[in-house]
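The values are calculated or read from the model by the stated rules, or taken from the named source; none is laboratory data. None of the values given here were measured: they were computed from a predicted structure. Cβ coordinates were reconstructed from backbone atoms using ideal geometry, including for glycine residues, and neighbour counts include every protein chain displayed.
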Amino acid sequence: MNANDTETMGLGGALKAAVEAVVDNGAAGISVADAGTRTAFLDAWARTLTEHARYLRSKGESLSAPVVLVHAENCADVGEGLGWTRRPMLGGAPTDPFSGTLAIGTGEIGAYAAPEHLQDTNVITDAIRAANLGHSLTVALLSTSVLVIWPEGVDSDASPEIRRELDDAPVVLDLTALDQALKQFYERSARQSRTWWKDRAKRITVERPEGVVQNDLLHFLLGKYSEVARVKAETVIGHGRADITLTPMNTNFTSAVLELKVTRDFLTPKPGTVTPTACSLNENIDWAKSGVSQTAAYRDDESLEAAYLCVYDFCAGNREEIGKAIEDAAAPYSVIARRYWITTSHHEHRKDRYPDLSSGVPRVKG
Amino acid sequence: MSMATASSRLDSAGMWKAWVVLCIAEARRMGLTPVATSQLHVILYLANTLADLFYVTRVRGRVLKRGDYPFFPDVQREVDRLAFTGVLVIEHVEFGAKGQMAAHYGLGPQGAEICKAMLAHSGEAQRTARLLRELVSACFGRFLNARADIGAVDANYGNAAVALGEVVDFSEWNIDNKNVEVARYLIDHLRKLRPDAQRDGVRLYCDYLDRAMAET
């Protein structure tokens, strides 16, 4: 290495070849969230375990027992409390032996592991419950072909698991794939969500519903695409913050920005108050349409390829007006507008999907 | 020694102690303690060089160029004091050549309380903790578990313009903070991937160190 190389770059004692190597392979070094957060943990461990599965497949080996990582804000406090073993290097290399490991971690590497080798999913689930970790973000490699993520923990009924099928076929990120992923999220996690409602009977959402939707969708997209793209929330663009951006590591794939809007019949009453404020259809339409210029501007400011406006519609009746209004507003700006209707119950879901059949409302006894 | 100098040293000692406690606390939180003496000094040095990225006021902008990695003898005295007062705990000690000892530090119960109080009351402490969290995560995830000898490849410390035995100066009065320049160079060249100027500045610089150390 010639010292003059870096002097001409004005970078002191830095080695030019190493600087250029970081630039050439930079995508892997770009973060999606602050260290220690759930998002960064999910992104890192989903990638590490996916790479581990690929490594085993390349050697013609199978995973002899599952690998499960659970997130904690402070894994030392929890791990020491459980008497688990400190493993500061766990996750350092995807070629390490992981099988039969149940561990609790905070960052991208390092964790506290249960001292015993755990042979199957039932034993691991029991151990998670015994450790009182059933409601913590969990990432599990179940075989060399299946990675499963429980965003709210293995004991959460409210948030469905995210499955990543692992094989050696390339993961593609283009408009068709992204549209399908959004549909999949809608069908599996959103349409019959139990966690987005505060009072389903009165059609009142949780507070800050857009933030809750954003969080769930972010984790879903990370589960699907962390291997091929940097999926980030709240990226600063111009004077605003984009709800979700997808930046593929492969430049042949499609980059996109997603703007999320929630429409609803009532604003959630503030704590200490009981009266919900009604939102009219026109107010909802105006609010939803305001996302068109936001997402188009984010796309253009950052030279992204696609701009989505995703409206999660909590209003009664699955009315088409909001969908029609956003599509009309979006078309001149080449924004892809989608409306996803959120139901309050299985009954409402079935009645909407199968309108000509019996409603299926259970008869009241007595 | 003038009153002003003595006062400044006391302030500096207090800031160093705060940084050391925050650093060990962040490492512990992620399951990465104990932290060896050499690892601690490398993290503290890098945090000082990259402090501008997080709008954190650096404690010191100079280090003597001597040895394989940046080392602050006066800070080590403060670390020793923290260990002997129970703020830090020495989890084990390695004995090297020529009677050298290297302690590996964890966080004592008092340290945890002090850390909590600092974070509850100081925005500067929160920003410093965030910087240290990123550094701890980036360094241990890459080169620092195996090696701390960053001296030859660190942009400031390894700069051929600074001879051995001279002072490496990256203070605010000196525009030559090469570590930040490398971080900004990388951020700029990866602009298309929309890096975060703060945390990715730190991560990409550590990524650079990892690759550079693999070459030496």
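Listed by first and then second residue, the pairs linking a residue in the stretch B:100-116 that is within 20 Å of residue B:129 (Cα to Cα) and modelled with pLDDT of 95 or more to a residue that is in a helix (DSSP H, G or I) and small (Gly, Ala, Ser), with Cβ atoms under 6 Å apart and 6 or more places separating them unless they lie on different chains, are B:107/B:25; B:115/B:25. Just one of the numbered conditions (1) of a type in the set (A, V, I, L, M); (2) within 19 Å of residue B:202 (Cβ to Cβ); (3) part of a helix (DSSP H, G or I) is not true of residue B:21: (2).
Results for (1) free of Cβ contacts under 8 Å to residues at least 60 places away in the same chain; (2) under 30 Å from residue A:237 (Cβ atoms); (3) in contact with a strand residue (DSSP E or B) (Cβ under 6 Å, 6 or more places away or on another chain), shown as yes or no for each residue.
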position: B:145; (1), (2), (3): yes, no, no
position: B:149; (1), (2), (3): no, no, no
position: B:152; (1), (2), (3): no, no, no
position: B:180; (1), (2), (3): no, yes, no
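Looking across the stretch B:32-62, the residues that are under 17 Å from residue B:108 (Cβ atoms) and either touching a Cys at 6+ places or on another chain (Cβ under 6 Å) or more than 14 Å from chain A (Cβ to nearest Cβ) (or both) come down to B:37, B:40.
Would you check if residue A:350 is over 22 Å from residue A:211 (Cα atoms) and either over 28 Å from the mean Cα position of the chain (by Cα) or modelled with pLDDT under 95 (or both)? Before you say what the answer is, go through the steps one by one.
On the way: over 22 Å from residue A:211 (Cα atoms): yes; either over 28 Å from the mean Cα position of the chain (by Cα) or modelled with pLDDT under 95 (or both): yes.
So residue A:350 passes the test.
Taken over the stretch B:154-164, residues that are out of contact with any strand residue (DSSP E or B) (no Cβ under 8 Å at 6 or more places or on another chain) and more than 13 Å from residue B:49 (Cα to Cα) amount to 5. Of all residues in the stretch A:307-319, none satisfies the criterion of being at pLDDT below 95 and farther than 21 Å from residue A:193 by Cα.
Of the listed requirements (1) within 17 Å of residue A:183 (Cβ to Cβ); (2) assigned to a loop (DSSP other than H, G, I, E, B), residue A:201 misses just one: (1).
When residues in the stretch A:180-207 are screened for being touching a residue at least 12 places away in the same chain (Cβ under 8 Å) and either on the phi > 0 side of the Ramachandran plot or of a type in the set (D, E, K, R) (or both), 8 of them pass.
If you scan the stretch A:101-130, which residues turn out to be assigned to a loop (DSSP other than H, G, I, E, B) and crowded, with 20+ Cβ neighbours inside 10 Å? Matches in the stretch A:101-130: A:101, A:106, A:107, A:108, A:109, A:110, A:114, A:118.
Of the residues making up the stretch B:168-196, those that are surrounded by 13 or more Cβ atoms within 10 Å (Cβ to Cβ) and hydrophobic (A, V, I, L, M, F, W, C) are B:168, B:170, B:180, B:182, B:183, B:186, B:187, B:190, B:193. The number of residues in the stretch A:164-180 being at pLDDT 90 or above, surrounded by fewer than 18 Cβ atoms within 10 Å (Cβ to Cβ) and under 17 Å from the mean Cα position of the chain (by Cα) comes to 3. Note on the stretch B:87-205: enclosed strands (runs of 3 or more DSSP E) holding 1 or more residues that are farther than 23 Å from residue B:32 by Cα and within 13 Å of another protein chain (Cβ to nearest Cβ) are B:167-169. Suppose we keep only residues that are of a type in the set (S, T, N, Q) and outside any loop (DSSP other than H, G, I, E, B) within the stretch A:273-327. Which one would you say is nearest to residue A:178 (Cα to Cα)? For the stretch A:273-327, the residue satisfying everything is A:295. The condition of being more than 18 Å from residue A:202 (Cβ to Cβ) and either assigned by TED's automatic domain parsing to the domain that holds residue A:216 or free of Cβ contacts under 8 Å to residues at least 40 places away in the same chain (or both) holds for residue A:259. Within the stretch B:25-40, the set of residues being surrounded by fewer than 22 Cβ atoms within 10 Å (Cβ to Cβ) and assigned to a helix (DSSP H, G or I) comprises B:37, B:38.
Tell me which residues, restricted to the stretch A:48-105, are of a type in the set (S, T, N, Q) and more than 28 Å from residue A:145 (Cβ to Cβ). Walk me through it before giving the result.
Of the stretch A:48-105, the ones of a type in the set (S, T, N, Q) are A:48, A:50, A:58, A:62, A:64, A:74, A:85, A:95, A:99, A:101.
Those that are of a type in the set (S, T, N, Q) and more than 28 Å from residue A:145 (Cβ to Cβ): A:74, A:85.
Within the bounds of the stretch A:149-160, is there any residue that is more than 24 Å from the chain's Cα centre (by Cα) and either at positive phi or crowded, with 16+ Cβ neighbours inside 10 Å (or both)?
If we filter the stretch A:149-160 for residues that are more than 24 Å from the chain's Cα centre (by Cα), which is where we start, we get none.
There is no residue in the stretch A:149-160 that is more than 24 Å from the chain's Cα centre (by Cα) and either at positive phi or crowded, with 16+ Cβ neighbours inside 10 Å (or both).
Given the criteria of a type in the set (Val, Ile, Thr), within 14 Å of chain B (Cβ to nearest Cβ) and surrounded by fewer than 15 Cβ atoms within 10 Å (Cβ to Cβ), does residue A:95 qualify? So residue A:95 does not fit the description; no. Within the stretch A:56-83, the residues that satisfy the criterion of being touching a helix residue (DSSP H, G or I) at 6+ places or on another chain (Cβ under 9 Å) and of a type in the set (Val, Ile, Thr) are A:67, A:68, A:70. Can you find a residue in the stretch B:80-89 that is crowded, with 19+ Cβ neighbours inside 10 Å, within 27 Å of residue B:196 (Cα to Cα), over 13 Å from the mean Cα position of the chain (by Cα) and aliphatic (A, V, I, L, M)? No, the stretch B:80-89 contains no residue that is crowded, with 19+ Cβ neighbours inside 10 Å, within 27 Å of residue B:196 (Cα to Cα), over 13 Å from the mean Cα position of the chain (by Cα) and aliphatic (A, V, I, L, M). Selection within the stretch A:14-64: residues that are part of a helix (DSSP H, G or I) and of a type in the set (S, T, N, Q). The member of this set that is farthest from the other protein chains (Cβ to nearest Cβ) is A:58. Checked against (1) surrounded by fewer than 17 Cβ atoms within 10 Å (Cβ to Cβ); (2) within 14 Å of another protein chain (Cβ to nearest Cβ), residue A:195 passes all but condition (2).
Looking for whichever is touching a residue at least 40 places away in the same chain (Cβ under 8 Å), surrounded by fewer than 19 Cβ atoms within 10 Å (Cβ to Cβ) and basic (Lys, Arg) here; the options are B:77, B:62, B:130. Which one fits?
Details: B:77 fails: touching a residue at least 40 places away in the same chain (Cβ under 8 Å); B:130 fails: surrounded by fewer than 19 Cβ atoms within 10 Å (Cβ to Cβ).
Unique residue meeting the criteria: B:62.
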